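See below for the structure under consideration.
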Amino acid sequence: MTLPEAARGPRLWSAVVAALCLLAYANALRDGFVLDDHAAVLRNDAVTGPFSLARIFASDFWGRTAASRFTETYRPLASLTLAIDWRLARGAPWVFHLTNVLLHALASVMVLRAAWGRLGSNAAAVAAASVFAVHTLHTDAVTAIVG
């Protein structure tokens, strides 16, 4: 059973947009832990300690609980992904960076899918998603672990 052209188009271009993103940000995989990564990952017991969803959801992004100096940076899903990455790679920074790059590739494909058939031409959707995938505006968010 073959897919109609309308279904094949977004799939092919989704792969192209994801590949552009991966090529643009592949150099991030060589980076290590810097600046805020030390506090949010390496010194955060909610990330590096024994795995506990309760602890992750009871702590702020920096691992502080209400009993300590709780801040306004409550990001439990981000902390959860950091804790999962820590366990997958035993703290190897490239895994954290790979997660960020893959999530950005997924977001770029979602931009394509949202724009497909809505911008007047599918070429415009591919262009918009391609610019989103490689734009330097995303560098900090993609290449920094806590970005």
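What the table below lists for this structure:
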quantity	calculated
Sites W94 and H135 - FRET efficiency at Förster radius 35 Å, r taken between beta-carbons, to 0.05	0.95
Length gained when the stretch A114-V34 is fully extended (0.36 nm per residue, less Cα-Cα span)	25.4 nm
Rounded accessible area per residue of the chain, 1.4 Å, Å²	58
Longest segment of the chain lacking trypsin sites (Lys or Arg not before Pro) that sit in a DSSP loop with at most 13 other Cβ atoms within 10 Å	1-42
Accessible area of T73 in the full protein assembly, 1.4 Å probe (Å², nearest 10)	30
Stokes-Einstein D (µm²/s) once Rh is taken as the Kirkwood radius of segment 17-66 over alpha-carbon pairs, at 10 °C in 1.306 mPa s	124
Highest-fluctuation residue, F61, F51, F132 considered, GNM on the chain with Cα pairs under 10 Å	F51
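The values are calculated or read from the model by the stated rules, or taken from the named source; none is laboratory data. Note that the structure is a prediction, hence the values are computed from the model and not measured. Counting neighbours? That spans all protein chains shown, and the Cβs are built from the backbone with ideal geometry, glycine included. Side chains included, ligands, DNA and RNA excluded: accessible areas come from the protein's heavy atoms. Shrake-Rupley method; radii C 1.70, N 1.55, O 1.52, S 1.80 Å.
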